[in-house]
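Comments concern the structure below.
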Amino acid sequence: MSRTGVRVWTRGRIRPELTGLVLLTATALTLAAPLPLATARPALAAKTTETAGTAVALTVEEQRLDRAVPQEILRRSGFDGVASEFVRSLRHADSYAEAERTVGRQGARLWQRAVDRAQGRGPAGGDLSRDDDRPLYWARLGMTRELRQWEPEFRLSEAARSALLGTLERSSRGQDSLTFSGGKADQGKGKGKGKGGDKNKGKGKSRQGVKRIVMTGFDPFTLDRDIRISNPSGATALALDGTIIRTADGPARIETAVFPVRWADFADGTVERALRGPLSRADLFTTVSQGRVGRIDVERFNGAWRGGFGDNDNVSETGLVPVSDPASQPQWTVTSLPYAAITAAATGRFPVYDNTSVTEIPAGATAPVVRPAGPTPGSAARAGGGGDYLSNEIAYRATLLRDRLGLDIPGGHVHTPVLQFGAGNTDPATGTVTDPEFVRNRLDIIAQIRVIITVAAESS
């Protein structure tokens, strides 16, 4: 399902012969060459609801919301009332300006509530473990569904509604608050909202001597394969947002955000809008997503290619990564994270690898080949170390933004292990939404990514 007004490059069915990592696969990804992509499931049938006599089409993501698993996750986390609270707040909006303020405020409240829950502040709201990222994902979809169907007393054009949905997406993902202003965050107790922002916008440490680190994660995905799925990168973003880590060089503050698993949003520039300002004030950044089973990878090279795996709206995109100024677009970007120090450090129970393998079409050739040591001069990208899905694309976009802004800072992509359920709970048809091993695995991944970021900060 495409979005009106979003430029889409090449659309087509998923081609099984294309190889590359995705953000996550349901089967174990081997330590050798990337596995072939699975054939995408057919898109869900369009579903509409009647609002004031007008049919409103819900997205594929929103259609999944009424299933038993999402409702259980919302109920067991105390997030089951988020959508109804949002509806009540919208009733007081008697103009577009008021609606925009309401949507931004409610989106930011959801993000902060999810961060607080993950970091142990306030009530847990239920017996679901606090480290769980799924309540945020499903609660946000409840809000977008309500906003899509909302009929205010004033006239609301589709363009204006789309702008409100964008405000909700950004605010509820931490993207609008991905800042380094003063206030509470500098003491590690949530984000500061002090006026004036960070006056020291150059390189190096802030006026308080605190390094600034940007980290991003992703939503859960491949939900038609297993709707119970959690994404440890999103869980890590919630656990680390606004926190202070202690390094050998002094304190460092982490600011985080999460991104959707949708091709159209990336083509529309969501990564660049969210990261341009924060990266210009950061000392280090890392994009994080879910990769292979049982290992962590620091991805050395990122490729300018979309491999076609279906996104959360069951849309497939194949072709060059669409960016501004395509005439100057490189086929490859390179990490500037201190990968040697990271892989040498004892960071946790999962082995960490410096992954240099890519898939390319060599200069003058027509067929793709795997290059274990990285791309050769003049080659065309077909998969970076992180594959050809949105994990590779956020790494490509963030490092390209670093280069185009002329920033001399460490930055790149880290792939977490696949978050696995415990033995006996692997069948989505009969399994439960959580289990002790599932929680342990997620907590261990969060802890190890935190240590990896600490090592990166100390080595930079």
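Most tightly packed first, judged by the mean number of other beta-carbon atoms within 10 Å of their residues, the peptides 244-250, 124-130 read 124-130, 244-250. Computed on protein heavy atoms with a 1.4 Å probe, the accessible areas place Leu165, Leu405 in the order Leu405, Leu165, largest first. Working note: Karplus 6.51/-1.76/1.60 with θ = phi - 60° gives region 352-367 the couplings 10, 10, 8, 8, 10, 6, 9, 10, 9, 9, x, 3, x, 9, 10, 9 Hz, where Gly and Pro are set to x. Computed 3J(HN,Hα) for region 154-169, one whole-Hz value per residue from the Karplus formula 6.51 cos²θ - 1.76 cosθ + 1.60 where θ = phi - 60°, is 8, 6, 10, 6, 5, 5, 5, 5, 4, 5, 5, 4, x, 4, 5, 4, glycine and proline marked x. Amide H to amide H distances under 5 Å link Leu284 with Arg212, Val214, where only residues 5 or more positions off or on other chains count and H is placed in the peptide plane.
Peptides 104-112, 337-345 ordered by packing proxy, namely the average of other Cβ atoms within 10 Å per residue, highest first: 104-112, 337-345.
Taking the centroid of alpha carbons for each part, region 338-361 and region 362-399 are 17 Å apart. The peptide list 255-266, 75-86, 424-435, put in order of mean Cβ contacts within 10 Å with the highest first, becomes 255-266, 75-86, 424-435.
Tell me the relative contact order for region 361-404 as a rounded percent, counting alpha carbon contacts under 8 Å between residues six or more apart. Intermediate results must be reported in sequence, preceding the final value.
Working: 24 pairs, mean separation 12.7, N = 44.
The value is 29 percent.
Distant-in-sequence amide contacts of Phe218, defined by a placed amide H-H separation under 5 Å and a gap of 5 or more residues or a different chain, comprise Ser233, Gly234, Phe259.
Solvent exposure of region 240-358 amounts to 27 Å² per residue of accessible area, where only protein heavy atoms count and the probe is 1.4 Å. Residues in region 406-412 carry Karplus couplings, in order, of x, 8, 9, 10, x, x, x Hz; the curve used is 6.51 cos²θ - 1.76 cosθ + 1.60 with θ = phi - 60°, and Gly or Pro positions show x. Among the GluC sites (Glu not before Pro) in region 140-171, those placed in a DSSP loop whose Cβ has at most 10 other Cβ atoms within 10 Å are Glu153. Our note on the geometry: Cα centres of region 268-293 and region 116-163, 22 Å apart.
The values are calculated or read from the model by the stated rules, or taken from the named source; none is laboratory data. Model, not experiment: these values are computed from the prediction. A quick note on method: Cβ atoms are made from the backbone with ideal geometry, for glycine too, and the neighbour counts reach across all protein chains shown. The accessibility values were calculated without ligands, DNA or RNA, using every heavy atom of the protein model including side chains. Shrake-Rupley method; radii C 1.70, N 1.55, O 1.52, S 1.80 Å.
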